[in-house]
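K.L.:
Before anything else, here's the structure in question.
The values are calculated or read from the model by the stated rules, or taken from the named source; none is laboratory data. Bear in mind that the values here come from a model prediction, so they are computed numbers and not experimental data. Positions of Cβ are generated from backbone atoms using ideal geometry, with glycine treated the same way; all protein chains shown enter the neighbour counts.
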Amino acid sequence: MKKMLGALALLVSAGMPVSANAGLQTLSDLFVFGDSLSDGGNSGLLSQAYAGPGVVFPPPPYAGGRYSNGPVAVEYLWQGYHPGSTAFKPSLAGGTNYAVGGATTGVSSFNTITPTVPAALHPAYEGTSNTGQLFGSAQLPGFFTAPSPSFNPATSLFVVWFFPNDVFNWLYTGMLPGTVFGGPPVAGNVVDLISNGISNIVGTIGALAGAGAQHFLVPNLPDLGAIPAAGPGGSADLTDLTLAFNAALASTLTFVGANLLPPSADIVQFDLYSLFNDVLAHPAAYGFDNATDPCFVAPSGQSAGSLCADPDKYVFWDQVHPTTAAHEILGAGFFAAVVPEPASVALLALGLFGIAAVRRRDSL
């Protein structure tokens, strides 16, 4: 519970740049489009719908069909505004969090090919990437699937956060994941990969803006070369790819915000790369003891494995994903990005009471 407030204090004291257009003091609706870093349970619901109620992927000790041991960053962001509220839910549970693990910026889902998902469940994730989250598929009603949700543009936030699975899919197959508007996967090099991903993110923002969305939060990539899956010492190539993508994304979104969106719209670019690297460089300042090893290690797609004694002391839950304690810090960063100081400190202090209850409930 204290990590989120502590992280916000560190962000403020360090003067870490989080937003150029912060100012959303009231949040009525939170719409999220993304992958496992934002999946609040859609993955578990998809696996149950496909294979039966007794099959939940990811399995315990993953929590509630998420890719962590508790709530993820966007859920903490919601709690910052609405302490104790359960209104923000996965889209398959009637909510507005459309994110699904394995999603790319286009049509392909990495969950349909990765060995970390049981092969029998691969078909469950067809049509669940960005294209499906926006326009719907057999498995997943999308944002634009009739009837589209109503919302107040002035007090609604749209989070668009993709691209790690574009990278993993490309490394695994050599293919780009297609386009957000349904273009098929094609082969490409790393320059094509980055260009395609950014084009898809911009296309997503444009489609949502056309539906009336005004406020966007777009985090960049954490250092993919620093996750446990990159191996001891990390991967310089993945770090370079991350930096190239982040630089291109920043310049593109700055241009889009200044020239292509109406004056009432804004894109908050969140520098997740800097925040997460600060956590990895100074784990004790954020309440962690271990910033290199995964807390939970198990064979792909299985629940039997080794679990650390105290997940809250670990940054990484598994080889790729953060613990809910680390997600709490990311949520604090998101909150600071969209709520101007000093309002964010007061609201977040209140929100911590609700966050504590949510973590207790969703970690069971």
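K.L.:
Against the conditions (1) within 25 Å of Asp293 (Cα to Cα); (2) buried (at least 18 other Cβ atoms within 10 Å of the Cβ); (3) touching a residue at least 60 places away in the same chain (Cβ under 8 Å), where does Leu208 fall short? Just the number, please.
P.N.:
In the conditions (1) within 25 Å of Asp293 (Cα to Cα); (2) buried (at least 18 other Cβ atoms within 10 Å of the Cβ); (3) touching a residue at least 60 places away in the same chain (Cβ under 8 Å), Leu208 misses (1) alone.
K.L.:
Sticking with this one: Out of curiosity, is Val159 part of a strand (DSSP E or B), in contact with a helix residue (DSSP H, G or I) (Cβ under 8 Å, 6 or more places away or on another chain) and at pLDDT 95 or above?
P.N.:
Yes: the conditions hold for Val159.
K.L.:
Of the residues that sit in the stretch 27-56 and are of a type in the set (Phe, Trp, Tyr) and within 27 Å of Ala332 (Cα to Cα), which one is farthest from the chain's Cα centre (by Cα)?
P.N.:
Out of the qualifying residues, it is Phe31.
K.L.:
Looking at the stretch 274-296 only, could you name the residues that are closer than 18 Å to Gly234 by Cα and surrounded by fewer than 21 Cβ atoms within 10 Å (Cβ to Cβ)? Break it down stepwise before answering.
P.N.:
So in the stretch 274-296, the residues closer than 18 Å to Gly234 by Cα come out as 274-283, 290-295.
Once the filter is applied, which keeps residues that are closer than 18 Å to Gly234 by Cα and surrounded by fewer than 21 Cβ atoms within 10 Å (Cβ to Cβ), the stretch 274-296 yields Ser274, Asn277, Asp278, Leu280, Ala281, His282, Pro283, Asn290, Ala291, Thr292, Asp293.
K.L.:
Could you tell me which of the residues Val190, Val180, Val167 is touching a helix residue (DSSP H, G or I) at 6+ places or on another chain (Cβ under 8 Å), modelled with pLDDT of 95 or more, surrounded by 19 or more Cβ atoms within 10 Å (Cβ to Cβ) and more than 20 Å from Ala213 (Cβ to Cβ)?
P.N.:
On the way: Val190 fails: surrounded by 19 or more Cβ atoms within 10 Å (Cβ to Cβ); Val180 fails: more than 20 Å from Ala213 (Cβ to Cβ).
None of the others qualify; the one that does is Val167.
K.L.:
Within the stretch 297-334, take every residue that is among the hydrophobic types (A, V, I, L, M, F, W, C), modelled with pLDDT under 95 and surrounded by 14 or more Cβ atoms within 10 Å (Cβ to Cβ) and give me the one that is nearest to Val159 (Cα to Cα).
P.N.:
Only one residue tops the list, namely Ala332.
K.L.:
If we keep just the residues of the stretch 100-116 that are over 17 Å from Arg66 (Cβ atoms) and aliphatic (A, V, I, L, M), which is surrounded by the fewest Cβ atoms within 10 Å (Cβ to Cβ)?
P.N.:
Out of the qualifying residues, it is Ile113.
The rows are residues; the columns are (1) hydrophobic (A, V, I, L, M, F, W, C); (2) part of a loop (DSSP other than H, G, I, E, B).
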residue	(1), (2)
Gly54	no, yes
Gly65	no, yes
Tyr76	no, no
Gln79	no, no
Ala87	yes, yes
His122	no, no
Thr131	no, no
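K.L.:
Of the residues that sit in the stretch 89-99 and are in a loop (DSSP other than H, G, I, E, B) and of a type in the set (Gly, Ala, Ser), which one is surrounded by the fewest Cβ atoms within 10 Å (Cβ to Cβ)?
P.N.:
First, pick out the residues of the stretch 89-99 that are in a loop (DSSP other than H, G, I, E, B): 89, 94-96, 98-99.
Those left that are additionally of a type in the set (Gly, Ala, Ser): 94-95, 99.
On the way: Gly94: 9, Gly95: 20, Ala99: 28.
Filtering first and then ranking leaves Gly94.
K.L.:
Continuing with the same structure: Any idea which of Pro149, Pro141 is in a loop (DSSP other than H, G, I, E, B) and under 20 Å from the mean Cα position of the chain (by Cα)? Before the answer, list the steps.
P.N.:
Values: Pro149 fails: under 20 Å from the mean Cα position of the chain (by Cα).
Pro141 is the lone residue from the list that is in a loop (DSSP other than H, G, I, E, B) and under 20 Å from the mean Cα position of the chain (by Cα).
K.L.:
Which numbered condition trips up Phe181, out of (1) in contact with a Ser or Thr (Cβ under 8 Å, 6 or more places away or on another chain); (2) not in a loop (DSSP other than H, G, I, E, B)?
P.N.:
Failed condition: (2).
K.L.:
Looking at the stretch 37-50, I want the residues that are within 25 Å of Phe276 (Cβ to Cβ) and have a partner that is of a type in the set (Asp, Glu) and at pLDDT 95 or above with Cβ atoms under 7 Å, at least 6 apart or on another chain. Which pairs are those?
P.N.:
From residues that are within 25 Å of Phe276 (Cβ to Cβ), the pairs are Gly40/Glu75.
K.L.:
Is it fair to say Gln48 is surrounded by fewer than 23 Cβ atoms within 10 Å (Cβ to Cβ) and part of a helix (DSSP H, G or I)?
P.N.:
Answer is yes for this residue.
K.L.:
Only one of these conditions is not met by Ala138: (1) in contact (Cβ under 8 Å) with a residue 60 or more places away in the chain; (2) under 24 Å from Gly182 (Cα atoms). Which number is it?
P.N.:
That leaves (1) as the condition not met.
K.L.:
Separate question: Pairs only if they're at least six apart or on different chains, beta carbon under 9 angstrom, first in the stretch 152-168 and without any contact (Cβ under 8 Å) to a residue 60 or more places away in the chain, second of a type outside the set (Asp, Glu) and surrounded by 21 or more Cβ atoms within 10 Å (Cβ to Cβ); list them, first residue then second.
P.N.:
Correct list of pairs: Phe168/Gly102; Phe168/Thr104; Phe168/Phe110; Phe168/Leu224.
Let's see how each residue does on (1) β-branched (Val, Ile, Thr); (2) touching a residue at least 60 places away in the same chain (Cβ under 8 Å):
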| site | (1), (2) |
| --- | --- |
| Leu261 | no, no |
| Ser264 | no, yes |
| Asn277 | no, no |
| Pro283 | no, no |
| Ala291 | no, no |
| Val297 | yes, no |
